[in-house]
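So the structure is just underneath, and the comments pick up after that.
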Amino acid sequence: MFPKDPSEAPILDNVAARNAGILLIAATVLEVAAMAHHPTVTSSNILQAIEQIARMSDLSGWVHGLLIGLMLAVLYVFTEFGRRRGIALPLVRAGLIAYTIGVLAMMGAAMMSGFVITQVASLTPHATEADLQSSAQLLILCRVLNQTFASLGVVLMSAGIVLWSIDLLRSRQLARLLGVFGLLIGLLPAAALAFGALRLDVPGMTQVVLLQSVWNIGVGVLLIRGIV
């Protein structure tokens, strides 16, 4: 609904920005909490690993389903951030495209980890040695797909943060400071992946989420304060 009085438009726009900032901070905190409850397979024995995966299937589904929903909520806020920065600007638009594709890739990784792998562990037979070998090969394929999607997601989300950060460097005070930190937050995971210093297992992915949470909270503060 459009305001009857044109003078109300800036007020409603500020309210929308503040609400988006609150949503971004809340979703970011919940993402960190969800990663803290991410199930982990502790056994290297294939039979025990399959049993652990099957046993944790419900928890894994809830955690990854929640993470997918939170990623979409964060993406929604960044569309608001991009609109306010100026979606017609090349850096802002390119950042939004990169981040969006990164989120889609990360959702693919979450689907593999939270739903496909657990179904493979639950539905495939593992009564004989041949069954176990087949299950192990399927799980290896799922892991490769998970890691591929996750790596693409991290790189593209980082690229989006870098592009937005470059745009923020033309701003003043707090926004420019966030732009400087954003360059580090965006470049560090991508560089670590490129040089093999980062593995996107549960601890590695948690580190990425924690690092990106600094950026998210910073953008949330800017939106709440109406700086962007």
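The values are calculated or read from the model by the stated rules, or taken from the named source; none is laboratory data. As the structure is a prediction and not an experimental result, all values here were calculated from the model. With ideal geometry, Cβ positions are generated from the backbone for all residues, glycine too; neighbour counts draw on all protein chains shown. Keep in mind that these areas ignore ligands, DNA and RNA; they rest on the heavy atoms of the full protein, side chains included. Shrake-Rupley method; radii C 1.70, N 1.55, O 1.52, S 1.80 Å.
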Count - residues of segment 83-96 that are assigned to a helix (DSSP H, G or I) and in contact (Cβ under 8 Å) with a residue 24 or more places away in the chain: 7
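Mind checking whether some residue in segment 178-190 is in contact with a Lys or Arg (Cβ under 9 Å, 6 or more places away or on another chain) and open to solvent by less than 10 Å² (accessible area, probe 1.4 Å)?
Yes, that holds for at least one residue.
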Qualifying positions in segment 118-132 - surrounded by fewer than 22 Cβ atoms within 10 Å (Cβ to Cβ) and either in contact (Cβ under 8 Å) with a residue 60 or more places away in the chain or touching a Ser or Thr at 6+ places or on another chain (Cβ under 9 Å) (or both): Gln119, Val120, Ser122, Thr124, Pro125, His126, Asp131, Leu132
Complete set of residues in segment 97-116 that are open to solvent by less than 30 Å² (accessible area, probe 1.4 Å) and not small (Gly, Ala, Ser): Tyr99, Val103, Met106, Met112
Of all residues making up segment 11-41, the number that are assigned to a helix (DSSP H, G or I), more than 19 Å from Leu75 (Cα to Cα) and either modelled with pLDDT under 60 or within 17 Å of the chain's Cα centre (by Cα) (or both): 1
Search result, residues across segment 61-82 that are more than 17 Å from Gly108 (Cβ to Cβ) and either touching a residue at least 12 places away in the same chain (Cβ under 8 Å) or small (Gly, Ala, Ser) (or both): Ala73, Tyr76, Val77, Phe78, Thr79, Glu80, Phe81, Gly82
Residue check for Leu156: at pLDDT below 95, out of contact with any Lys or Arg (no Cβ under 9 Å at 6 or more places or on another chain), buried (at least 19 other Cβ atoms within 10 Å of the Cβ) and aliphatic (A, V, I, L, M): no
Filter result (assigned to a loop (DSSP other than H, G, I, E, B) and closer than 22 Å to Ile25 by Cα) within segment 174-228: Gly226, Ile227, Val228
